[in-house]
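Every number here is computed from the coordinates shown, using simple stated rules; none is lab data. Owing to the predicted nature of the structure, the values given are computational and were not obtained by experimental measurement. Positions of Cβ are generated from backbone atoms using ideal geometry, with glycine treated the same way; all protein chains shown enter the neighbour counts.
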Amino acid sequence: MNIILLGPPGAGKGTQAKRLEDAYGIPQLSTGDMLREAVTSGSEIGQKAKQVMDAGELMPDGLMVKMIEDRIQQKDCAKGFILDGFPRTVAQAEALDEMLARLGTGLDHVIELKVDEEALVERIVGRYACARCGAGYHDMFQKPKVDGVCDYCGATQFKRRPDDNEETVRARMEAYRDQTAPILPYYKEKSILKQVDGMADIDEVTTELKKILNGGG
Ligand code: ADP
Ligand code: ADP
Ligand code: ZN
């Protein structure tokens, strides 16, 4: 099952992708995470990615398409994948269709998480993650069960993304509006686009997504 989760920064794509990964046994492919790994490694791509991400802009299409093409051919994607953060432009969406056709497969579900823009800044500025296992949290909306201790791995160190500040968020939302939102009509025309209310509680959003993925939505 090949799935795309679409939506602006802070819509809940990563949070939901992690849950679906566990439920359906297919990996979450987050291009943002891949780029952050490149930044940590200090590679040439990483150095460029750091500048681009700090500015809230997008990386070049060709590079991102190549990154995903390499990734989906790895063994763990044999049963499918959940794309989180890709495609982000119409050119990426077209390249994805072309590549999947060439690989003898296609998309099963494209789901947009619809969220009010005012909610996004609050979500992003309060976002943090476990420094060891990467589990996602929020200062108000998704606290660990025991204060300061990761629910999943027990670690007590957490991290925040350098681009999760109000100024960069505004630039990222603009990039979404200008460059990513035009993907929605692209998939709508292909009658593959479904929408879920991303303003609902985290558990409720998961329930709605599963309804769609199980064929009932
Ligand atoms: P994205 O991957 O789309 O950028 P995330 O999944 O990282 O978004 O979510 C952004 C922040 O908002 C995280 O801190 C997460 O805990 C929180 N969050 C995610 N979904 C919801 C929701 N339905 N209601 C409230 N907060 C949420
Ligand atoms: P969020 O979902 O919170 O917006 P991501 O982790 O998906 O953030 O992406 C972080 C940054 O990485 C983006 O602001 C952008 O600079 C870069 N990026 C991630 N995916 C892509 C992509 N498919 N194309 C271009 N740039 C990307
Ligand atoms: Zn953890």
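Quick notes on this one:
- Filtering the stretch 102-116 to residues that are out of contact with any strand residue (DSSP E or B) (no Cβ under 7 Å at 6 or more places or on another chain) and either aliphatic (A, V, I, L, M) or without any contact (Cβ under 8 Å) to a residue 24 or more places away in the chain (or both) leaves Arg102, Leu103, Gly104, Val115.
- Residues that are touching a Lys or Arg at 6+ places or on another chain (Cβ under 7 Å) and either touching a residue at least 24 places away in the same chain (Cβ under 8 Å) or closer than 27 Å to Leu100 by Cα (or both) within the stretch 39-76 comprise Gly56, Leu58, listed in sequence order.
Residue-wise test of (1) among the aliphatic types (A, V, I, L, M); (2) free of Cβ contacts under 8 Å to residues at least 40 places away in the same chain; (3) more than 11 Å from ligand 1 (Cβ to nearest atom).
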{"position": "Lys79", "(1), (2), (3)": "no, no, yes"}
{"position": "Ala91", "(1), (2), (3)": "yes, yes, yes"}
{"position": "Ala95", "(1), (2), (3)": "yes, yes, yes"}
{"position": "Leu100", "(1), (2), (3)": "yes, no, yes"}
{"position": "Glu118", "(1), (2), (3)": "no, yes, yes"}
{"position": "Ala129", "(1), (2), (3)": "yes, yes, no"}
{"position": "Met140", "(1), (2), (3)": "yes, yes, no"}
{"position": "Lys143", "(1), (2), (3)": "no, yes, no"}
{"position": "Tyr152", "(1), (2), (3)": "no, yes, yes"}
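- For the stretch 101-112, the condition holds for at least one residue, the condition being that it is surrounded by fewer than 21 Cβ atoms within 10 Å (Cβ to Cβ) and within 16 Å of ligand 2 (Cβ to nearest atom).
- Within the stretch 102-116, the set of residues being within 16 Å of ligand 1 (Cβ to nearest atom) and in contact with a helix residue (DSSP H, G or I) (Cβ under 7 Å, 6 or more places away or on another chain) comprises Val110, Ile111, Glu112, Leu113.
- Selection from the stretch 110-135 of residues that are within 11 Å of ligand 3 (Cβ to nearest atom) and touching a Lys or Arg at 6+ places or on another chain (Cβ under 7 Å): Ala129, Ala131
- The set of residues in the stretch 182-217 that are of a type in the set (A, V, I, L, M) and either within 16 Å of ligand 3 (Cβ to nearest atom) or touching a strand residue (DSSP E or B) at 6+ places or on another chain (Cβ under 9 Å) (or both) comprises Ile183, Leu184, Ile192, Leu193, Val196, Met199, Ile202, Val205, Leu209, Ile212, Leu213.
- Qualifying residues in the stretch 140-160 (those that are of a type in the set (Lys, Arg) and out of contact with any Phe, Trp or Tyr (no Cβ under 6 Å at 6 or more places or on another chain)) - the one farthest from ligand 3 (Cβ to nearest atom): Lys143
- Residue match in the stretch 28-35 (condition: out of contact with any helix residue (DSSP H, G or I) (no Cβ under 7 Å at 6 or more places or on another chain) and within 16 Å of ligand 3 (Cβ to nearest atom)): yes
- Gly42 passes every criterion in (1) under 29 Å from Thr168 (Cα atoms); (2) surrounded by fewer than 15 Cβ atoms within 10 Å (Cβ to Cβ); (3) touching a helix residue (DSSP H, G or I) at 6+ places or on another chain (Cβ under 6 Å) apart from (3).
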